[in-house]
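A.B. asks: This is the structure, below, for whatever I ask next.
No lab work stands behind these numbers, since they all come straight from the coordinates. Predicted, not measured: the structure shown is a model, and the values here were computed from it. Quick reminder, even Gly has a Cβ in these numbers, built from the backbone with ideal geometry, and neighbours come from all protein chains shown.
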Amino acid sequence: MRIAELVTAIIIALSSIYLMWKSGEGPSWDPTAVRFANIGINVDNSGPGSGFWPFWLAAAMLVAAIAVMVNWHLRATPESRSEEVYLDSYGKRMLLTVCGGLIAFLILIRFIGFYGAIPLFLFYYIYFLGRHSLLAAIAISAAVPVFCFFFFDVAMRIVLPKGYLDPLFIPLYDIFL
Amino acid sequence: MDVITLLIDGIFTALQPLNLGLALLGVVIGLFVGAMPGLGSVNGVAILLPFTFVIQQITGSVSSPMIFLAAIYYGAMYGGAISSITLGIPGASTAVATTFDGRPLALQGKADRALVIAALASFVGGTVSTILFTGAAPLLASVALKFGNPEIFALMLLAFATFVGLGGDDIPKTIISICLGLILSAVGFDIISGAPRLLLFDSTAWFSRGIQFLVLAIGVYGIGEMLWTINSTRYKTEMTEARITLGRMRAALAGASEAWKGTLIGSLLGFFVGILPAAGATPGSLMAYGVAKMVSKDPSKFGHGEPDGVAAPESANNSASTGAMLPMMTLGIPGSPTTAVLLAGMVIWGLTPGPRLFTDQPDFVWPLIGSFYISNLIAVVMNLAFIPLFLRVLRMPFTILAPLIFVLSVVGVFAAYQNIYDVWLMLFFGIGAFFLRILNYPLAPAVLAIVLGPIAEPTLRQSLILSDGSWMIFLNRPIAGPITIVAIVLILLPLVGLIRRRLLRR
């Protein structure tokens, strides 16, 4: 956990520097704009420029990240003293299986739409990760998309994307929409 | 019209079948999310916010979706006690203090008594604070009408200062969280000059519309917190059997008055802590527990199943949740992460939060206040009547609940903005939040900040235009000045403590 604490602080510090750099960018339509011209308070009475707010906040974030590193060096916080592992083997496997599932879920939406991806994700999680009975997994995986269809597509008229499965829904549209 | 007439009107509106049904549904959902470990009021409200559009569409009223969400908020405050007592793990952070004495009572076989005291104390806390709210809100709103940009910015500063000074989390990490939320809220276009800014990695497709509040809130509370709960509980919880029969319930109800002192302390203290911007129900309940222990004749009983030790935090968390609504409704500044979500909801439903709400939108304000009274009543009745049912529901395996919440989060974010980039961004924030959460970075400040950012930045910049760039404008105005000074003191407070400790060590 000690190493993770430092690495995270470094990542935050680097992000702050990137954000400060990015805040100083002038609008793209004005190639003459000088970087960092927009972070101060303008003297012509138009007040602070567009980069003022994010620039100084990112600067504050950088200072705070450095403070975290100082605390790390002094071993002043519980996390900077902790010898525990940041993510044990269970945590790693959990992250891999759950987040992997979520990422696959979002990718699948692109191809087979929400109503194809939701049951697959639920079945994967409940049957393989949760080790529940096949019956429970199938029942929940089937019920949720049906509920979603009536709630979103029918009641709220928010048509969720269906990807390549769209033709299958045309008869349903005819009945309900 | 005077307050009483408006209130009675409001209560009648809240009693209309549709609103009553929404309050009932909200309370049940709230009891459930409150009771499930890993889910709290803020998770429930954030994940279900996208679904309130349909309520608004059906009813055509802006108060109905709010009544629904407020009922979830209340229900969760009641529900948190159920798992604190029977599982020994708080159902929500607001119920942490309830475990201190509620768990020992349960282990002594008195779970029924603890549950009844918790429910009744919650009811008293909720009702006392609602009465205080009804009296204070119109007054505060009329004062707040005179607020200009410098005053509003000073209040924002106070909200963040409260996090730094009283949040109790690591201070540099709290500051990082606040800054991150504020910067994320600035992505997209600068509303004053119209210039695009912070198009991260020069991607217009992803960032030109800005980062929506719900993307961060659901990422943090729907994905990040869930991953964290799975990682820390490993899907396993141990439950104490609570034997609940009608006879035992009646006996417990009769004996509940012994906890009157804790209830009173919690009800009053909770409300005032709740009002503080950004403090909310968690510190409120912890403080109430501490004070109840301090004034008790026999403090050594606390921690070993003292009824006052259950009553004080439970009445306080309900009271504080109403108190937190006060700055949200009158000043447009949320008093807790959950009210930050409610505030964002109000903006999405087309309302302008702030003092003008009371004069411009009485049809929104008074039915909502009326619903506070009714939701509390529903919550205590439902809670007492269905304790055995909730105990059964608590056995619902997390391996079924978690995927359902993931699906709700994904679908909810998509339905709200109809953009798949936002869903990816939500997942990214969620995984990031998980990594930060392990290292004890507080994430509530970031969620609050992304709501307050779009108010804080323009008020700051317009104030500085008004003052020709002089920062003194925040100090030399009669209302903004004292608020700014309190905020600065709160920020410096931990620093003073640090220096004092250093000096003492020498």
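A.B. asks: How long is the gain from B:TRP471 to B:ARG392 if the chain were fully straight, where each residue apart is worth 0.36 nm and the alpha carbon distance is subtracted? Provide the component values of the computation, followed by the final result.
C.D. replies: Values: separation 79, 0.36 × 79 = 28.44 nm, distance 5.81 nm.
Stretched out fully, the B:TRP471 to B:ARG392 stretch lengthens by 22.6 nm.
A.B. asks: Hey, can you grab everything whose amide H is under 5 Å from the amide H of B:ARG197? Only 5+ residues off in sequence or another chain; H modelled, so Pro and N-termini drop out.
C.D. replies: B:GLY188, B:PHE189, B:ASP190
A.B. asks: From the phi angles alone, apply the Karplus equation (6.51, -1.76, 1.60; θ = phi - 60°) to segment A:12-20 and give each ³J(HN,Hα) in whole Hz, x where the residue is Gly or Pro.
C.D. replies: Karplus-based 3J(HN,Hα) across segment A:12-20 equals 5, 4, 5, 4, 4, 5, 4, 5, 5 Hz.
A.B. asks: Still on this structure, I have one more. Which residues make up the longest stretch of chain A that has no GluC sites (Glu not before Pro) in a DSSP loop with at most 16 other Cβ atoms within 10 Å? Show your work: numbers first, answer last.
C.D. replies: Working: sites that count: A:GLU83, A:GLU84.
No qualifying site falls inside A:85-177, the longest such stretch.
A.B. asks: Rounded to the nearest 0.05, what FRET efficiency is calculated for B:THR359 and B:TRP260 with R0 set to 51 Å and r the Cβ-Cβ distance?
C.D. replies: Numbers: r = 39 Å, r/R0 = 0.76.
That pair, B:THR359 with B:TRP260, gives E of 0.85.
A.B. asks: For A:33-39, what's the mean count of beta carbons from other chains sitting within 10 Å of each residue's beta carbon?
C.D. replies: Partner Cβ neighbours, averaged per residue: 1.
A.B. asks: I've got another one for you. Percent relative contact order of segment A:89-176, based on C-alpha pairs within less than 8 angstrom and at least six residues apart?
C.D. replies: The normalised contact order for segment A:89-176 reaches 32 percent.
A.B. asks: Which is the longest part of chain B that has none of the GluC sites (Glu not before Pro) sitting in a DSSP loop with at most 10 other Cβ atoms within 10 Å?
C.D. replies: B:242-506
A.B. asks: Each label point is 7 Å from the Cα along the Cα-to-Cβ direction; what then is the distance between the points at B:ASN419 and B:LEU504, in nm?
C.D. replies: 5.1 nm
A.B. asks: List the trypsin sites (Lys or Arg not before Pro) in segment B:378-450 that DSSP assigns to loop (not H, G, I, E or B) and whose Cβ has at most 12 other Cβ atoms within 10 Å. Which are they?
C.D. replies: B:ARG395
A.B. asks: If you don't mind, there's one more thing I want to ask. Among the trypsin sites (Lys or Arg not before Pro) in segment B:290-322, which ones are in a DSSP loop with at most 13 other Cβ atoms within 10 Å of the Cβ? Mind listing them?
C.D. replies: Listed in order of number, the matching sites are B:LYS297.
A.B. asks: Let me ask something additional. How far is it, in nm, from the label point at A:TRP29 to the one at B:ALA385 when both lie 7 Å from their Cα along the line to the Cβ?
C.D. replies: 6.1 nm
A.B. asks: What angle do you read, to the nearest 10 degrees and between 0 and 90, between the alpha-carbon axis of helix B:171-186 and the longest principal axis of chain B?
C.D. replies: 60 degrees
A.B. asks: A further question on this structure: Do any chymotrypsin sites (Phe, Trp or Tyr not before Pro) in segment A:1-68 lie in a loop, going by DSSP, with at most 11 other beta-carbon atoms within 10 Å of their beta carbon, and if so which?
C.D. replies: Passing both the DSSP loop test and the Cβ count: A:TRP29.
A.B. asks: Now for a separate question. Counting alpha carbon pairs within less than 8 Å and at least 6 residues apart, what relative contact order, in whole percent, applies to segment B:267-419?
C.D. replies: 21 percent
A.B. asks: Next question, about the same structure. Enumerate the lysines that B:LYS261 could reach by cross-link, defined here as Cα to Cα under 21 Å, with residues fewer than 8 away along the same chain left out.
C.D. replies: B:LYS110, B:LYS293, B:LYS297, B:LYS301
A.B. asks: Kirkwood hydrodynamic radius, computed over distinct alpha-carbon pairs, for the protein assembly as shown: how many Å, to one decimal? Provide the component values of the computation, followed by the final result.
C.D. replies: On the way: mean 1/r = 0.0385 Å⁻¹.
One over the average 1/r among Cα pairs gives 26.0 Å for the protein assembly as shown.
A.B. asks: While we're on this one: Taking the Cα-to-Cβ direction at A:GLU83 and at B:GLN57 and moving 7 Å from each Cα, how far apart do the two end points lie in nm?
C.D. replies: With each label placed 7 Å out from Cα toward Cβ, I get 5.9 nm.
A.B. asks: Mind computing the radius of gyration and Dmax over the alpha-carbon atoms of chain A? Å is fine for both.
C.D. replies: Spelled out, the Cα radius of gyration and Dmax of chain A are 25.2, 71 Å.
A.B. asks: Could you give the longest part of chain A that holds none of the trypsin sites (Lys or Arg not before Pro) found in DSSP loops with at most 14 neighbouring Cβ atoms within 10 Å?
C.D. replies: Free of exposed loop sites, the longest segment is A:76-130.
A.B. asks: Moving to a separate point now. Binning every alpha carbon pair distance of segment A:89-176 at 5 Å from zero, what are the percents per bin?
C.D. replies: Computed distribution, short to long bins: 3, 14, 20, 22, 18, 12, 7, 3, 1, 0, 0.
A.B. asks: Quick one: what are the phi-derived ³J(HN,Hα) couplings along segment B:326-343, Karplus 6.51/-1.76/1.60 with θ = phi - 60°, whole Hz, x for glycine and proline?
C.D. replies: Values, residue by residue: 4, x, 5, 6, 8, 10, x, 10, x, x, 6, x, 5, 5, 4, 5, 4, 4 Hz.
A.B. asks: Given a cut-off of under 8 Å on Cα pairs at least six residues apart, what relative contact order in percent is computed for segment A:2-81? Don't skip to the answer; put the middle values down first.
C.D. replies: Values: 97 pairs, mean separation 29.3, N = 80.
So the answer I get is 37 percent.
A.B. asks: Whole-Hz ³J(HN,Hα) for each residue in segment B:397-414, computed from phi via Karplus 6.51 cos²θ - 1.76 cosθ + 1.60 with θ = phi - 60°, x for glycine and proline: what do you get?
C.D. replies: x, 5, 6, 9, 5, 4, x, 4, 5, 4, 5, 4, 5, 4, 5, x, 5, 5
A.B. asks: Let me know the mean shielding of A:99-106 by other chains, meaning the per-residue number of their Cβ atoms within 10 Å of its Cβ.
C.D. replies: Other-chain Cβ atoms within 10 Å of each residue's Cβ, averaged: 4.
A.B. asks: Let me ask something else. Does segment B:3-505 come out rounded, prolate or oblate, given a ≥ b ≥ c as the square roots of the eigenvalues of its C-alpha gyration tensor, rounded meaning a/c under 1.5 and, failing that, prolate meaning a/b above b/c?
C.D. replies: Rounded, because the longest to shortest axis ratio a/c is under 1.5.
A.B. asks: On to the next question. Please report, in debye to the nearest 20, how large the charge dipole of the protein assembly as shown is about its Cα centre when each Lys and Arg carries +1 at its beta carbon and each Asp and Glu carries -1 there.
C.D. replies: My answer is approximately 1580 debye.
A.B. asks: Treating the angle as unsigned and between 0 and 90°, give the value, to the nearest 10°, between the Cα long axis of helix A:89-123 and the longest Cα principal axis of chain A.
C.D. replies: Taking Cα atoms only, the helix is inclined about 60 degrees.
A.B. asks: Is there a simple number for the mean count of other chain Cβ atoms within 10 Å of the Cβ of residues in B:456-463, and what is it?
C.D. replies: Whole-number average of other-chain Cβ neighbours for B:456-463 is 3.
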